[in-house]
Amino acid sequence: MASDGGIFSFGDAGFFGSTGALHLNQPIVAAIATPSGAGYWLVARDGGIFGFGDGTFFGSTGSIHLNQPIVAAMPR
């Protein structure tokens, strides 16, 4: 994963899309695989979340002012 959201898959890792061709307000700081392994979420420093494959979008804080930037993310 690159900070612009470009995804590079190797071996049997699936490619489900990326934000590499999009203008982002803030860089991507984390990537989280879905439990099935058939998708992922990319998380930007401003809280924007981008879902790919079976990574369903449930909302984000990309349009909300945060006191501190997002620096990491974890699956639940």
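The values are calculated or read from the model by the stated rules, or taken from the named source; none is laboratory data. If you're wondering where the values come from, they're calculated on a predicted model, not measured in any experiment. Neighbour counts are summed over all protein chains in view; Cβ atoms, including those assigned to glycine, are modelled from backbone coordinates with ideal geometry. Keep in mind that these areas ignore ligands, DNA and RNA; they rest on the heavy atoms of the full protein, side chains included. Shrake-Rupley method; radii C 1.70, N 1.55, O 1.52, S 1.80 Å.
Within the chain, what whole-number % of the accessible surface is contributed by carbon and sulfur, with the 1.4 Å probe and all protein chains included in the calculation?
On the chain, the fraction of accessible area on carbon and sulfur atoms equals 59 percent.
Would you please name the chymotrypsin sites (Phe, Trp or Tyr not before Pro) within the chain that are DSSP coil residues with at most 16 other C-beta atoms within 10 Å of their C-beta?
Qualifying residues, ordered by number: Phe8, Phe10, Phe15, Phe16, Phe57, Phe58.
Picking from Ile64, Ile49, Ile28, which is most flexible by a Gaussian network model of the chain using Cα springs under 10 Å?
Ile64
Please compute the length gained on full extension between Ala13 and Ala73, using 0.36 nm multiplied by the number of residues separating them and subtracting their Cα-Cα distance.
Full extension from Ala13 to Ala73 adds 19.6 nm.
Tell me, what is the percent relative contact order of the chain, built from C-alpha pairs under 8 Å that lie six or more residues apart?
In percent, rounded to a whole number, it is 24.
Under 10 Å, Cα contacts only: if you run a Gaussian network model on the chain, which one of Gly51, Gly59, Gly20 comes out with the highest mean-square fluctuation?
Its mean-square fluctuation being the largest, the pick is Gly59.
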